[in-house]
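Structure first, then comments.
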Amino acid sequence: MVLAPNSSTDRRVPVMRRAALLACTAASLLAGCVGAPRAADAVSSRTVSAARGPIEVLESGPRDGEPVLLIPSLGRGAEDFDDLAGRLARAGYRVIRPQPRGIGRSAAWQGEPTLVELAEDAMAALTDIRPPRRVVVVGHAFGNRVARMIATREPARMRALVLLAAGGKV
């Protein structure tokens, strides 16, 4: 286990635990700590064209806000992020949540998808951002792998990468 110094107590704290604490703090700051979601939070739905069929995209927040792309885990819908999306939207971010294939109005998969194809689907949700802007990409659980593939293939589009519940080898 790799250890890092903890200057406040002179004990060593595992690096992974420190990283997790920093990620939680960053997520709280990003969300602006603005409270629980309200029923009045507007969420729009649109469909975008992707290479392997249409993808449904849920959006909230101001269109000119800093874009945040939220990618759910495998077999989970974009609604998993309802609470966080509401908080981010109220803090002024443009929140973009593509529905995975086979969920909502997103076309089902034909065959076994690759991480590249999953990343391309998620990136299709950003096609209407003009001019193209750098994006904060958040991947939860299996979605962290998709988020990392986006960072690998589109580094110029990345403002930040946030990995939530990113177990396993990174």
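Note on segment 69-170: with charges restricted to the Cβ of Lys and Arg (+1) and Asp and Glu (-1), its dipole about the Cα centre is near 420 debye. A simple spin-label model places the labels of V48 and V116 2.0 nm from each other, with each point 7 Å out along Cα-to-Cβ.
In percent, rounded to a whole number, the relative contact order of segment 91-170 is 26, using alpha-carbon pairs under 8 Å and six or more apart. Determine which residues of segment 42-83 fall in the zone a paramagnetic label at R153 would reach in this model, i.e. backbone nitrogen under 11 Å from the point 7 Å along Cα→Cβ. The answer is 51-52. Would you mind classifying segment 53-96 by shape? Square roots of the alpha carbon gyration tensor eigenvalues, ordered a ≥ b ≥ c; an a/c under 1.5 is rounded, otherwise it is prolate if a/b is larger than b/c and oblate if not. It comes out oblate by the Cα gyration axes.
None of the figures in this text is laboratory data; all of them are computed from the coordinates on show. Keep in mind that what you see is a predicted model, and the values were worked out from it rather than measured. Cβ: placed from backbone, ideal geometry, glycine included. Neighbour counts: every protein chain shown.
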